[in-house]
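Heads up, the thing below is written out as structure tokens.
Every read-out reported here was derived from the displayed coordinates using simple, explicitly stated rules and does not represent laboratory data. It should be emphasised that the depicted structure is a prediction, and the values quoted were computed from it without experimental measurement. Neighbour counts are summed over all protein chains in view; Cβ atoms, including those assigned to glycine, are modelled from backbone coordinates with ideal geometry.
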Amino acid sequence: MKTDKPDKDKSKINMEELVSYCKRRGFVFQASEIYGGIAGFWDYGPYGVELINNLKRAWWKTFVYQNPNIFGLDSAIIQSPKLWEASGHVAGFVDPMIDCKECKHRFRADHVVEEWIEKVEKEQNAPALPTYSESLDVLNEYLDSFKKEISCPNCGKFGTFTSARQFNMMLTTHVGPAEDDTTLTYLRPETAGGIYTNYENVRETTRAKIPFGIAQVGKAFRNEITPRDFVFRTRELEQMEMQYFIQPDVREEEYAKWREFTWNFLLDVIGLSKENISWHEHGEDEKAHYAAAAHDVYYNFPHGRKELCGIHDRTDHDLTSHMKVSGRDLSYFDEASAKRFTPNIIESSMGVGRLFVAVLTEAYIEEEVGDETRVVLKLKSELAPVKVAILPLSKKPELSKVAKEVFASVAGEYNVEYDETQSIGKRYRRQDEIGTPYCVTVDFESIDDQAVTVRDRDSMKQERIKIVELKSYLADKLNLVVR
Ligand SMILES: [Zn+2]
């Protein structure tokens, strides 16, 4: 089975609280909310867009800038439909679907079965059922044998399901004025496709020699039958993918290397804790037919331990398929060994939305301060949506004037907020809740001593700093380069 049960940690934020927090604090809104929403699509608000941009920048810096032989790419969302025929998506990018004949709702057959198994095992407190696998036959056997026990998640009726059938998840559109089979195209289901088709262009223009990698961050689209779990499973998603092109005989060591690299990125750069991440090796029934090996990193999400990212040994499957369908020779001649071969690929792939949920789950903390509870987002300062908040003690014009000068002296390089309404205590709490590492208070003394008070989010300690020194003080604290 793919998912483990959620753990019982009460201090951790649950999914309902997370969704409400994200809306209340301007991280994530439902798409088309004023029209009743559209399932599987979400909009990132003022703090959400800062956080996801910071996550993407952190990934890019680590994967692209820290490796001299990894190059960036931004390929088009719509490609020739032949690309998706070659990659196998047209034939095989499917999920098992069932309909309820009573209420006409559609469901992922595997999700319905998995949830029922989970429920039964919880009640009986033991795994008492035949082993579950993802094949359509096994799913149908399950649905048939237990039709008196598995009810429709929507209407609650028994025995109303059709048998499971495969549903292609690619979203389609038409390019050009005619709407027929000749103009049918797809919104890309993953970013990797454009990387494979640009392999030769990137290799030639950068004069790269194998091994080298191509990295891309971008949107992908999947017509999920039942999008759910907030931004975890959506119909429009964003991916961060790196494909590393290698010789066939170094697959094992490169696979180990990129697993470790990805793992360390999650721990050291993003700040997830060891207790919350774990490896999940794909069993024979989960692995794609071409993958020689596949490991996912699972995160302890509010809704259980689930996939955050994957590292896959894709063998020479991708370039071989594209050579066959395109007729182009994508083989590589290695001068050192005087051998020609089809490059093999190790892939490291991560969902931005999933990393967003993981990092908020990890950072969200409720702690007792005096006799009240403070919500604080203990994010690494590199990831914080707002780095510094400038807070004049009152709205008096003479104070505003100094505070605006302070704002101007530090703004421009990173996101700085200016806030002069409500009591200073409430404004501190607001900034704590969105994870702002430093609050700068401008008080009446500032006018005379040309200094401000800087408050640290985590320790809540305050320090008096000269205004002329503030920019370099903050840059130092935030680990930034000052110009
Ligand atoms: Zn129903």
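Can you pull out every residue in the range 427-483 that is basic (Lys, Arg) and not in a helix (DSSP H, G or I)?
If the condition is that a residue be basic (Lys, Arg) and not in a helix (DSSP H, G or I), then Arg455, Arg457, Lys461, Arg464, Lys466, Arg483 are the ones that fit.
Residues that are surrounded by 18 or more Cβ atoms within 10 Å (Cβ to Cβ): which strands (runs of 3 or more DSSP E) entirely in the range 299-408 hold 1 or more of them?
Ranges flagged: 304-313, 332-334, 344-351, 364-369, 372-377, 388-392.
Within the range 296-325, how many residues turn out to be of a type in the set (Ser, Thr, Tyr) and touching a helix residue (DSSP H, G or I) at 6+ places or on another chain (Cβ under 7 Å)?
First, pick out the residues of the range 296-325 that are of a type in the set (Ser, Thr, Tyr): 298-299, 315, 320-321.
Applying the additional criterion that residues be touching a helix residue (DSSP H, G or I) at 6+ places or on another chain (Cβ under 7 Å) yields 299, 321.
Matching residues across the range 296-325 total 2.
Are any of the residues in the range 57-72 touching a residue at least 60 places away in the same chain (Cβ under 8 Å), among the hydroxyl-bearing types (Ser, Thr, Tyr) and either out of contact with any helix residue (DSSP H, G or I) (no Cβ under 6 Å at 6 or more places or on another chain) or buried (at least 18 other Cβ atoms within 10 Å of the Cβ) (or both)?
Yes, the range 57-72 contains at least one residue that is touching a residue at least 60 places away in the same chain (Cβ under 8 Å), among the hydroxyl-bearing types (Ser, Thr, Tyr) and either out of contact with any helix residue (DSSP H, G or I) (no Cβ under 6 Å at 6 or more places or on another chain) or buried (at least 18 other Cβ atoms within 10 Å of the Cβ) (or both).
Is it fair to say Glu179 is within 16 Å of the ligand (Cβ to nearest atom), without any contact (Cβ under 8 Å) to a residue 40 or more places away in the chain and among the acidic types (Asp, Glu)?
Details: within 16 Å of the ligand (Cβ to nearest atom): no; without any contact (Cβ under 8 Å) to a residue 40 or more places away in the chain: yes; among the acidic types (Asp, Glu): yes.
Answer is no for this residue.
Given the condition part of a helix (DSSP H, G or I) and either of a type in the set (Phe, Trp, Tyr) or within 14 Å of the chain's Cα centre (by Cα) (or both), answer yes or no: does some residue in the range 197-208 qualify?
Here is the first cut: in the range 197-208, the residues part of a helix (DSSP H, G or I) are 197, 199-206.
Then keep just the ones that are either of a type in the set (Phe, Trp, Tyr) or within 14 Å of the chain's Cα centre (by Cα) (or both); that gives 199.
Yes.
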